[in-house]
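Let me begin by presenting the structure, written as structure tokens, before commenting on it.
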Amino acid sequence: MGSSAVWVFLSLEMIIAVACCLGNVLVIRAVWICGALSQPTFCFIVSLAVTDFLVGSVAIPIAVLVDIGMNISFYGCLFMCCVMIMLEVASVAFLLAVAVDRFLRVRIPLTRGCKSVSGDIAANHAAKLADVERKLPAATDKIDDLENRSRWYNICIEDLPEGAEGSNTISCFKTCLPELVKVSLKGVSVKLDSCHRALTHHPMQGQWPWSVIVKILNFQDKVLIMQAARKAQGLSYKCSSVSIYEDFSAFGD
């Protein structure tokens, strides 16, 4: 490298050294005036600023002396190189400390915030679940009551063999139901709204026949039929023993 290039390089090094010293002095003064040294972050920043100030005021001038080829003893050269390396390593170490401190300052609040949000969500879900569990018995009672009200006009005939009612179920029970319980109604036959087997799969051979659900239009007819069924010793239809019960909801069981 030519002598002119060396002097340009040395001039740039000195300019950088002066700018480094002035900038870090301003940082140290600003932190000192604000009185923020009690905070760990600013302690790391001030330590980095002091180290960089020493780099600008000591390490760079020593590097300039080495570059211009100053005659010095071996131990003097070794001392200067050790000082340069020590200050540069210290500067990098404090810069790493500031970076780690900034990382932890950002990460820890976010982690706590996430845990707090998760805890709030869990507490909210627990409160909603407790509220649902508190309201569930009342809702169950209401549903059971509505189900029973919808079956208010129904009677349930048990143990009637499959197919005994024939193809026209309503016509069959209009006349045979009063005869079955031996009760006299206002009309010759009872008025029915619907009549069907329990809504489930057809029973296998050997299983009990499914119940017959009969909905009676006149509630007084249902009352008379149920009273007669309770008084009867036994009911029989086509040589088969049958039973008649109220049609209650199974929801509350």
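The values are calculated or read from the model by the stated rules, or taken from the named source; none is laboratory data. Everything numeric here is computed off the predicted structure, so don't read it as measured data. So basically every Cβ, Gly included, is an ideal-geometry build from the backbone, and we count neighbours across all protein chains shown. Areas reflect the complete protein model, heavy atoms only, side chains present, ligands, DNA and RNA absent. Shrake-Rupley method; radii C 1.70, N 1.55, O 1.52, S 1.80 Å.
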query: From the list (1) 137, 42, 30; (2) 99, 36, 27; (3) 50, 37, 36, can you say which value of Cα extents along the principal axes in Å was derived from the structure given?
result: (1)
message: Given the DSSP H assignment, sum -39500 (n - 2.57) over each helix run of at least 4 residues in the chain and divide by its residue total; what's the result at 222 nm in deg cm²/dmol, nearest 500?
response: -22500 deg cm²/dmol
Potential extension, Glu162-Ala250 segment - 0.36 nm per residue separation minus Cα distance: 29.4 nm
message: Cut-off 10 angstrom, C-alpha nodes, Gaussian network model of the chain. Which of Asp145, Asp67, Asp221 fluctuates the most?
response: Asp67
message: Give me the percent relative contact order of the chain, please, defined on Cα pairs under 8 angstrom at least 6 residues apart.
response: 18
query: Along the positive direction of the dipole of the chain (beta-carbon charges: Lys, Arg +1; Asp, Glu -1; about the Cα centre), which of Ile68, Gln207, Phe79 reaches farthest?
result: Gln207
query: What does the charge count near Ile155 come to, summing +1 for each Lys or Arg and -1 for each Asp or Glu among other residues with Cβ under 13 Å from its Cβ?
result: -1
task: Grab the Cα-Cα distance for Ser236 and Ser57, subtract it from 0.36 nm times how many residues apart they are, and report the gain in nm with one decimal.
output: 52.6 nm
query: Leu104 to His196: extension gain in nm, 0.36 nm per residue of separation minus the Cα-Cα distance?
result: 25.8 nm
task: Evaluate E = 1/(1 + (r/R0)^6) for Ala93 and Ser4, where r is the Cβ-Cβ distance and R0 equals 25 Å; express this FRET efficiency to the nearest 0.05.
output: 0.10
Mean Cβ neighbour count within 10 Å, used as a protection proxy, ranking 51-63, 158-170 highest first: 51-63, 158-170
statement: Over the stretch 1-86, with neighbouring protein chains present, the accessible area per residue in Å² at probe 1.4 Å is 66
query: With charges only on Cβ, +1 for K and R and -1 for D and E, what is the dipole size of the chain about its Cα centre, in debye, rounded to 20?
result: 900
statement: Rounded to one decimal in nm, the spacing of the 7 Å Cα→Cβ label points at Ser243 and Thr140 is 2.5
task: Using only protein heavy atoms and a 1.4 Å probe, report how much of Lys238 is accessible, in Å² to the nearest 10.
output: 140
